[in-house]
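Report on the following structure.
No lab work stands behind these numbers, since they all come straight from the coordinates. If you're wondering where the values come from, they're calculated on a predicted model, not measured in any experiment. In this analysis, Cβ positions are derived from the backbone assuming ideal geometry, glycine residues included, and neighbour counts consider all displayed protein chains.
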Amino acid sequence: MRPSRRAIRTPDPTRRPSRPRGGETDRGTDWRTFDFHAHTYLTDGDQSATSMWWEAHRLRHRAQALTDHVGLEDPAPLLRRLRQEARAFEGTPLITLVGVEITEVPPRRIASAVRAARRAGAEIVVVHGETLAERVPPGTNRAALEINDVDVLAHPGILRPEEAELARQHDVALELSPRRGHSLGNGRVALEALKARAPLVVDSDAHRQEDLFSFEGAELVARGAGLPDSELSRVLQETPQRIVRRCGK
Ligand SMILES: [Zn+2]
Ligand SMILES: [Zn+2]
């Protein structure tokens, strides 16, 4: 008999639970997952900011950014709404970061979009990079990396060596992504970032609760991109901790 689809469905490895089974302790894995890129229904995500942050809290994340898409429109209403919802998590171990993902803006206008987001109170600024999954305006990676004030260049795709060098100079984190399509560039991004000693992070780019990863899930993405074990704590802990401090949290 052929196995049913259900029987052969494999679990999503990036969501492998970090909770202990049996007598294991979970102290070492709790509140150490960082994620600087996710969406809500305020743009193209499925759930509210509150729902996404509750799930990050349930997964015992240290920091979860919500970075909905903005173009050249006023980012203030979006950021105000995210700030209001973030209040529910004051006093919890979860650090909420309120931000934007600047998306599909002509490269020459990216600097002004970053300034507008900061003026409107963005704690973190992500730029939607030149992913292999979509036609992003060429020159987006370079424009984002030339600005001193971008935190993360998301899914940069075919990253060039000179772009990795700019990321190091301006301390812009280059993103490894588990997201379908975006993940095609991970090996290239990891390779160029390691050569240039540019900072790397792993972000979920979650559009619903189920897309948020566990710590082990983020680690799998990093290792799958080709990072040696000796780089894992830099990518999963040290660089993210520096970003959180820079965001004023
Ligand atoms: Zn994006
Ligand atoms: Zn995104």
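Assorted remarks:
- If you bin all the Cα-Cα distances of the chain at 5 Å, starting from zero, the percentages per bin are 1, 7, 14, 19, 20, 17, 11, 6, 3, 1, 1, 0, 0.
- Note on residue 208 and residue 87: their simple-model spin labels are 3.0 nm apart, each label 7 Å out from Cα toward Cβ.
- Here each label is just a point 7 Å from Cα along the line to Cβ, and for residue 242 and residue 230 those points are 1.8 nm apart.
- Mean ellipticity per residue at 222 nm, deg cm²/dmol - from DSSP H runs of n ≥ 4 across the chain, formula -39500 (n - 2.57): -9500 deg cm²/dmol
- When the Cα positions of 236, 61, 120 are compared along the charge dipole of the stretch 30-246, 120 comes out farthest toward the positive end, with charges on each C-beta of Lys, Arg, Asp and Glu.
- Amide H contacts of residue 102: 70, 126, 127, 128, each under 5 Å away and 5 or more positions distant or on a separate chain (H built 1.01 Å from N in the peptide plane; Pro and chain starts excluded).
- Gain on full stretching of the segment that runs from residue 162 to residue 112 - 0.36 nm per residue minus C-alpha separation: 15.7 nm
- What you get for the chain, charging only the Cβ of Lys and Arg (+1) and of Asp and Glu (-1), is a dipole of about 440 debye around the Cα centre.
- With the convex hull constructed from alpha-carbon coordinates only, the stretch 129-203 shows a mean projected area of 4.0 nm² over all directions.
- Dipole axis of the chain (+1 Lys, Arg; -1 Asp, Glu on Cβ), positive-most option in 184, 102, 144: 184
- Potential extension, residue 184-residue 249 segment - 0.36 nm per residue separation minus Cα distance: 20.2 nm
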